[in-house]
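**Student:** Quick one: the structure is below, questions incoming.
The values are calculated or read from the model by the stated rules, or taken from the named source; none is laboratory data. Note that the structure is a prediction, hence the values are computed from the model and not measured. Here the Cβ positions follow ideal geometry from the backbone for every residue, glycine too, while neighbour counts run over all protein chains shown. Calculation scope for accessible area: heavy atoms of the full protein, side chains included, ligands and nucleic acids excluded. Shrake-Rupley method; radii C 1.70, N 1.55, O 1.52, S 1.80 Å.
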Amino acid sequence: MSDFSCVVTGTDTDIGKTVFAAALVGALGGYYWKPVQAGLDGGSDAERVAALSGLAPERVLPEAYRLATPCSPHRAAELDGVTIDPARLEPPAQRPLVIEGAGGALVPVTPDVLFADLFARWQLPVVIVAPTGLGTINHSLLTIEALRARRVPILGIAFVGDAVEDSEATIARLGQVKRLGRLPLLSTLDRETLARAFAANFALDDFR
């Protein structure tokens, strides 16, 4: 069993980060952990990962905090009357482990702590998930700069969406990051189609 662990973050919210995390952890046969879930209507990200990855239930680890409102965790916690203690947000010991952040790297976990600050403390390699649509060059390079400013190790960037070769190549070149692959948009999204798409577009050795 590999002792690999990584963090999956994004350049924004609702860009396919959870789907990518499900594909990666399923391919690794690993464990999945989302430290803070903000928003429970329609199911949690952990439940979606469980369905799309095919992991056994015990490999989808419980969140440290489950908050009702779908917004930044610091605000969702305030609305729920909860105080998030960053000291509780330590990565579990299970390996291989895929940790998924919430939204982008600079989303506040508490009023004073960003997810990027947690990543810096953990010192685990980070995979940046970025869409291929308009605006991705700016958002991706800003995310890379924000992580590097905190000395967060970056494993590489994974794209989601239709192929846009110039944007993908430009981000990898200017950001000096490894281009891990691109997950296409799937007309039918389920465990089987996702596993096939990941295997066809990513090299698992990059994540070991």
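**Student:** Extending each Cα 7 Å along its Cβ direction at N138 and R150, get the distance between those two points in nm, one decimal.
**Tutor:** 2.2
**Student:** Accessible surface of D166 in the full protein assembly, 1.4 angstrom probe, to the nearest 10 Å²?
**Tutor:** The accessible area of D166 comes to roughly 110 Å².
**Student:** Per DSSP helix of 4 or more residues, -39500 (n - 2.57); summed, then divided by the residues of the chain. What does that give at 222 nm, rounded to the nearest 500?
**Tutor:** Computed ellipticity for the chain at 222 nm equals -10500 deg cm²/dmol.
**Student:** A further question follows. Please give the contour-minus-distance gain from S2 to E47: 0.36 nm per residue of separation, less the Cα-Cα distance, rounded to one decimal in nm.
**Tutor:** 13.8 nm
**Student:** Of all DSSP beta bridges in the chain, what percent run antiparallel (nearest 5)?
**Tutor:** The antiparallel fraction comes to roughly 5 percent.
**Student:** Leaving ligands, DNA and RNA out of it, work out the accessible area of C71 with a 1.4 Å probe and give it in Å² to the nearest 10.
**Tutor:** Approximately 50 Å² for this residue.
**Student:** Moving on to the next point. Counting only Cα atoms, I'd like the Rg/Rh figure for segment 24-70, Kirkwood definition for Rh.
**Tutor:** Here the Rg-to-Rh quotient is 0.98.
**Student:** Please express the shape of segment 1-95 as an equivalent ellipsoid: the semi-axes are the square roots of 5 times the eigenvalues of the C-alpha gyration tensor, given largest first in whole angstrom.
**Tutor:** They are 23, 15, 12 Å, listed from largest to smallest.
**Student:** Measuring with a 1.4 Å probe in the full set of protein chains, what accessible area per residue, in whole Å², belongs to segment 22-89?
**Tutor:** Counting only protein heavy atoms, the per-residue value for segment 22-89 is 44 Å².
**Student:** Evaluate the distance, in nm, between pseudo-label points positioned 7 Å from the Cα of D166 and of D85 along their respective Cα→Cβ axes.
**Tutor:** Going from the D166 label point to the D85 one covers 5.3 nm.
**Student:** Please state, as a whole number in µm²/s, the translational diffusion coefficient that the Stokes-Einstein equation yields for segment 102-208 at 4 °C and 1.567 mPa s, with Rh defined as the Kirkwood radius across alpha carbon pairs.
**Tutor:** In µm²/s, the coefficient is 88.
**Student:** Still on this model: Please pull out the direction-averaged projected area of segment 159-208, using the convex hull of its alpha-carbon atoms, in nm² to one decimal place.
**Tutor:** Across all orientations, segment 159-208 yields a mean hull projection of 3.9 nm².
**Student:** If you don't mind, another one. Rounded to whole Hz and in sequence order, give me ³J(HN,Hα) for segment 188-205 from the Karplus expression 6.51 cos²θ - 1.76 cosθ + 1.60, θ = phi - 60°, writing x for Gly and Pro.
**Tutor:** 10, 10, 8, 4, 5, 5, 5, 4, 5, 5, 5, 4, 7, 10, 9, 9, 4, 4
**Student:** Grab the beta carbon distance between V113 and A203, set R0 = 45 Å, and tell me the FRET efficiency rounded to 0.05.
**Tutor:** 0.85
**Student:** Continuing with this model, one more query. So, with a 1.4 angstrom probe, what is the percent of accessible area on segment 22-148 that is carbon and sulfur?
**Tutor:** Solvent-exposed carbon and sulfur of segment 22-148 make up 54 percent of the total.
**Student:** A follow-up question, please. Name the most mobile residue of L52, L186, L24, meaning the one with the largest mean-square fluctuation, in a Gaussian network model of the chain with Cα contacts below 10 Å.
**Tutor:** L186
**Student:** Here is a further query. How big is the equivalent ellipsoid of segment 38-158 along its three axes, where each semi-axis is √(5λ) from the Cα gyration tensor, reported in whole Å from largest to smallest?
**Tutor:** Those come to 22, 19, 16 Å.
**Student:** Also, quick follow-up: Please report, in whole Å, how far the alpha carbons of segment 1-44 spread along each principal axis, starting with the longest.
**Tutor:** Largest to smallest, the principal-axis extents are 35, 21, 16 Å.
**Student:** Give the accessible area for T69 in Å² (nearest 10); use a 1.4 Å probe, count only protein heavy atoms, and leave out ligands, DNA and RNA.
**Tutor:** Roll a 1.4 Å probe over it and T69 shows about 40 Å².
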